[in-house]
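So the structure is just underneath, and the comments pick up after that.
What follows is calculated from the coordinates using simple rules that are stated; it is not laboratory data. Values in this document were obtained by computation on a predicted structure and should not be read as measured data. Backbone-built Cβ (ideal geometry, glycine too); neighbour counts: all protein chains shown.
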Amino acid sequence: MLILLPPSEGKTAPRRGAPLDLAALSSPVLTEARERVLDALVALCSGNAAEAATVLDLGPSQLDLVERNALLRDAATARADKVYSGVVYDALGAATLSPAAKRRAASRVAVVSSLFGLVRLGDRIPAYRLSGDATLPGLGAVAGVWREALGPAVVDALGRGLLVDLRSSTYVAFWRPDRELAARTATVRVLHEVDGRRKVVSHFNKATKGRIVRALMEDGRDPRTPVALAEVLRDLGWTVEVGEPTAKGTQLDVVVSEL
């Protein structure tokens, strides 16, 4: 099983740590693409800060993030699960997983990143600011770079297991499984139900996905099909409805009534 998470917009900048070493990151097949995106981002942010902020959709009070990007090659790094923050990662609580669950998370969880493509929780990265829908001078759309490069890395990381795709729509655009892989791909939608009415609420969606990953890592089972995953989630206490298989995978609706 491989679980794909989106990155967080907010990140915790490491106070100390070795500088970025692209060659030391997992999925070395992505090194060339990582270099291209990193070079374009650093070049942009090493110039006019106000212009860079406009390109990156940052406000006047966020120029410190431009400066941070300019210094990425020498910035301190930490484990990705300590750098990424926000609702999903707070709910996952990687630091408080049991030892066995931490080992599973190291091999079963990956983050789709606009800067690094695919990141394992133990990869050492700096804090950066680059949205998945950004377009960089001299590079073009970041999503376009990863659309060409990301597939082989995901397929290699997945092997013959189940792909559990928890990415947000922005990062889904980076890469989509082909029809063959879609047969063993599960996507998850979280629906908040109140008085019989259901809707998608961002906070519920993110928090529930983080909790699902945590529960799966602690549970330890390794479901091989979307239906088997749904059965595991039901055993763990969630209400799950299974959709029909499609060319994009099988959607599981997880219905929650409270956070």
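What helices in the chain pass both tests, a Cα length along the helix axis of 24 Å or more and a mean Kyte hydropathy of -1.0 or higher, using whole DSSP H runs?
Result, helices passing both filters: 202-219.
Treating cross-link reach as a plain straight distance, find the lysines whose alpha-carbon is under 17 Å from the alpha-carbon of K11, omitting any fewer than eight places away in the same chain.
The reachable lysines, counting only those whose Cα sits under 17 Å from K11, are K82, K206.
Could you order the peptides 216-222, 234-240, 146-152, 104-110 from most to least packed, using the average number of other C-beta atoms within 10 Å per residue?
Highest to lowest by the protection proxy: 104-110, 146-152, 216-222, 234-240.
For D123, enumerate residues with amide H under 5 Å from its amide H, sequence gap 5+ or separate chain, H modeled in the peptide plane.
Amide H neighbours of D123, under 5 Å, 5+ apart: A80.
Could you please report the charge total around A13, scoring K, R as +1 and D, E as -1 over all other residues with beta-carbon less than 14 angstrom from its beta-carbon?
That sum, taken over residues with Cβ under 14 Å, equals +4.
Got a sec to turn the phi values of the stretch 4-11 into Karplus ³J(HN,Hα) couplings, 6.51 cos²θ - 1.76 cosθ + 1.60 with θ = phi - 60°, whole Hz, x for Gly and Pro?
Once rounded to whole Hz, the list reads 9, 10, x, x, 9, 5, x, 9.
Rounding to the nearest 20 debye, state how big the charge dipole of the chain is about its Cα centre with +1 on each Lys and Arg Cβ and -1 on each Asp and Glu Cβ.
540
Got a sec to turn the phi values of the stretch 125-130 into Karplus ³J(HN,Hα) couplings, 6.51 cos²θ - 1.76 cosθ + 1.60 with θ = phi - 60°, whole Hz, x for Gly and Pro?
Karplus values, whole Hz, x for Gly and Pro: 9, x, 6, 9, 10, 7.
Near the amide H of A186, under 5 Å away, which other amide H atoms are found, from residues 5 or more places off or on another chain, if H is placed in the peptide plane?
Placed amide hydrogens put L163, V164, D165, T250 under 5 Å from A186.
Gap in Å between the Cα centre of the stretch 70-111 and the Cα centre of the stretch 35-50?
Result: 25 Å between the Cα centres.
What residues qualify as long-range amide H neighbours of L118, i.e. H under 5 Å apart, gap of 5 or more or another chain, H built at 1.01 Å from N?
S113
Hey, any idea what the orientation-averaged projected area of the convex hull of the stretch 200-259's Cα atoms comes to, in nm²?
4.4
Please work out the ratio of the alpha-carbon Rg of the chain to 2.2 N^0.38 Å and round it to two decimals.
The reported ratio for this selection is 1.01.
Tell me the mean residue ellipticity at 222 nm calculated for the chain from its helices only (DSSP H runs of n ≥ 4, each -39500 (n - 2.57), averaged over every residue, nearest 500). Could the numbers behind the result be given before it?
Numbers: 11 runs with 103 residues, N = 259.
Theoretical 222 nm ellipticity from helices: -11500 deg cm²/dmol.
Give a quick list of trypsin sites (Lys or Arg not before Pro) in the stretch 160-212 that DSSP marks as loop, anything other than H, G, I, E or B, with at most 12 other Cβ atoms within 10 Å.
R160
Rounded to whole Hz and in sequence order, give me ³J(HN,Hα) for the stretch 80-93 from the Karplus expression 6.51 cos²θ - 1.76 cosθ + 1.60, θ = phi - 60°, writing x for Gly and Pro.
4, 6, 9, 7, 6, 9, x, 4, 4, 6, 5, 5, 5, x
Restricting things to alpha carbons, tell me how big the stretch 129-259 is in terms of Rg and Dmax, in Å.
When restricted to the Cα atoms of the stretch 129-259, Rg and Dmax are 16.1, 51 Å.
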